[in-house]
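In what follows, a structure is listed as structure tokens, so that the remarks can point back to it.
Read the figures in this text as sums done on the coordinates, not as results from a lab. Model, not experiment: these values are computed from the prediction. No Cβ is skipped: glycine too gets one built from the backbone with ideal geometry, and neighbour counts run over all protein chains shown.
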Amino acid sequence: MPTSALIHPSPLHPPIPTTNNKRTPKPNKTHFRHHHPLRISAQQTNPSPPTPLFTTLTNLLWGKSLPPQLLISAVRTTWTSTWHLMMSQLAPSDHSGSYSRPPSKFRANFKSLPTPRQNQLPRLHLYAALPCPWAHRALIVRALKGLEDFVPVSIASPGIDGSWEFIDAREGNDVVKHYVVDNGGALAPSLDMANGCRSLREVYRLMAGGYDGRSTAPMLWDVERRVVFCNESYDIIELFNSGFNNVAGNPGLDLCPPSLKGKIEEWNAVIYPNVNNGVYRCGFAQSQEAYDLAVNGLFSTLDMMDDHLADSRYLCGDVLTLADICLFTTLIRFDLVYNVLFKCTKKKVVEYSNLHAYMRDIYQAAVPKKRLQKASLIDSKSCKIWVEPITRVQDSILSSDYLDCDTIPKVAATCNLNAMIDGYYKFLFPLNPGNIRPVMPSGSEHAILSKPHDRESLSSLAEQRVGYGHA
Ligand SMILES: N[C@@H](CCC(=O)N[C@@H](CS)C(=O)NCC(=O)O)C(=O)O
């Protein structure tokens with residue numbers, strides 16, 4: 001289907017297709033001409049897919065011979081033990097059934113960093129995946145810092161065997177094409193632009209001596225030495241924030257200013273276990289106790305943060321920091337995925353007025369199209385560029401109210417909402433064995449995320465308190 005055939009309600013995110021069924025005929029005459037007429041009439045009268053051999057066998061062995069009660073208890077026992085087996089591979093748990101995330105294998109060794117110079121060929125390559133909240137951190141900081149030219153990216157998609165693979169958009173099915181080709185400007189999956197591999201596992205194995213461990217995204221690849229430089233997202237965002245200011249397009253932006261480092265670490269110590277990993281601890285819990293513990297920790301933390309954000313624009317005050325980026329990547333997936341798939345059902349983010357406005361504020365963050373001087377900001381009313389003291393550099397991140405002037409939406413362009421839904425529901429098949437992809441919740445659409453958030457007023461209140469003025 002040509003891309004122009006879709007009606008886009010918004011520039012970034014088109015409507016999702018009304019069906020997942022690849023076989024549904026499309027209202028396109030040229031399309032029909034390529035099909036055998038007999039096949040078309042078969043589709044029109046009987047749209048259901050053929051029953052797989054395994055399903056037919058199961059029906060014969062169990063379905064037709066066992067009475068319903070027996071069938072249910074036989075399947076329940078088999079399914080539960082198979083589920084535990086799959087979960088122990090996918091999501092290792094401790095003795096109480098709580099998910100414990102394996103530590104990252106390749107931590108950044110800042111001393112061995114390839115030294116960047118102007119006009120030098122890029123020596124680092126980022127491997128990311130759009131559903132993954134950890135990779136999303138890296139994509140956001142890369143975008144806000146203007147590192148796109150220095151650190152090129154390849155974007156993997158979820159493969160059917162649970163690995164990350166690189167696909168050509170033209171080879172994908174309709175759902176994939178929808179978010180690859182018709183994503184309206186948000187990042188989309190790609191081929192491996194650095195090594196030409198078919199999967200992320202293959203890239204990891206390019207290292208001398210091979211590699212047998214988990215092949216996780218995000219991963220920063222050292223192009224020259226052909227080794228994994230780092231696969232820990234927090235190391236990567238720290239590095240992007242401060243390691244390449246001599247080549248960054250927006251070097252004046254500091255997401256971890258020394259004066260706030262302590263506060264940022266305090267927030268991270270709350271966000272990581274209770275929220276970032278907390279949602280996974282809910283979804284991957286293998287006992288009721290483990291789930292209860294995780295879900296209580298998650299929602300008491302969200303409640304606390306919602307209160308905190310009532311009079312603070314960001315977590316650490318008026319300045320966007322790495323802690324906010326880490327929280328954002330979980331919040332943006334919450335109503336789309338975690339609320340249902342991970343059983344984080346007590347509330348949706350849209351029900352938290354401060355958290356939801358805060359999430360929209362970050363979603364709408366943009367930077368000026370013109371490369372900014374170290375400490376410039378754009379005035380909200382006139383779109384004029386102002387030169388301000390270094391302390392005001394955070395204001396070079398703007399809301400989408402300024403999209404009509406000379407700014408580029410940086411964070412929204414990293415959020416491919418359809419790819420997020422599709423990725424989780426496909427990748428985590430033990431939690432979604434029927435492989436049904438749910439519809440996008442209406443409150444999570446781009447149009448809602450782009451609504452005014454009015455959170456600038458919190459910063460200006462703080463400015464008045466400490467005596468800042470605009471001109
Ligand atoms: N600690 C890592 C976690 C990364 C991670 O678990 N990524 C997931 C995707 S969300 C992954 O690639 N999983 C594949 C696997 O475990 O094989 C980080 O923060 O970078």
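Side notes on the structure shown:
- Full-extension gain in nm, R226 to S163, via 0.36 nm per residue minus C-alpha separation: 20.6 nm
- Fully extending the segment from M86 to N246, taken as 0.36 nm per residue of separation minus the present Cα-Cα distance, adds 53.0 nm.
- Residues in segment 320-329 carry Karplus couplings, in order, of 5, 10, 4, 4, 5, 4, 5, 5, 4, 5 Hz; the curve used is 6.51 cos²θ - 1.76 cosθ + 1.60 with θ = phi - 60°, and Gly or Pro positions show x.
- Using θ = phi - 60° and Karplus 6.51 cos²θ - 1.76 cosθ + 1.60, couplings along segment 290-300 (whole Hz; Gly, Pro as x): 5, 5, 4, 4, 5, 6, 5, x, 4, 6, 5
- Shape call, segment 179-306: gyration tensor on alpha carbons, a/c limit 1.5: oblate
- Calculated FRET value between S442 and D303, using beta carbons and R₀ = 30 Å, to 0.05: 0.80
- Residues whose amide H lies under 5 Å from that of S199, counting only those 5 or more places away or on a different chain, are F166; hydrogens are built 1.01 Å from N in the peptide plane.
- Each label was represented as a point 7 Å from its Cα along the Cα-to-Cβ direction; for L113 and S96 these points are 3.9 nm apart.
- Relative contact order %, segment 213-268, counting alpha carbon pairs below 8 Å whose residues are six or more apart: 19 percent
- Close amide H partners of S93, meaning residues 5 or more places away or on another chain with modelled amide H under 5 Å apart, are S100.
- Whole-Hz ³J(HN,Hα) from phi, Karplus 6.51 cos²θ - 1.76 cosθ + 1.60, for segment 433-438, glycine and proline x: x, x, 6, 8, 9, x
- Database remark: amide H of V227 closer than 5 angstrom to the amide H of D222 (H placed geometrically; neighbours at sequence offset of 5 or more, or on other chains; Pro and chain starts carry no H).
- Among I160, I155, sorting on how many other beta-carbon atoms sit within 10 Å of each Cβ, with the fewest leading, yields I160, I155.
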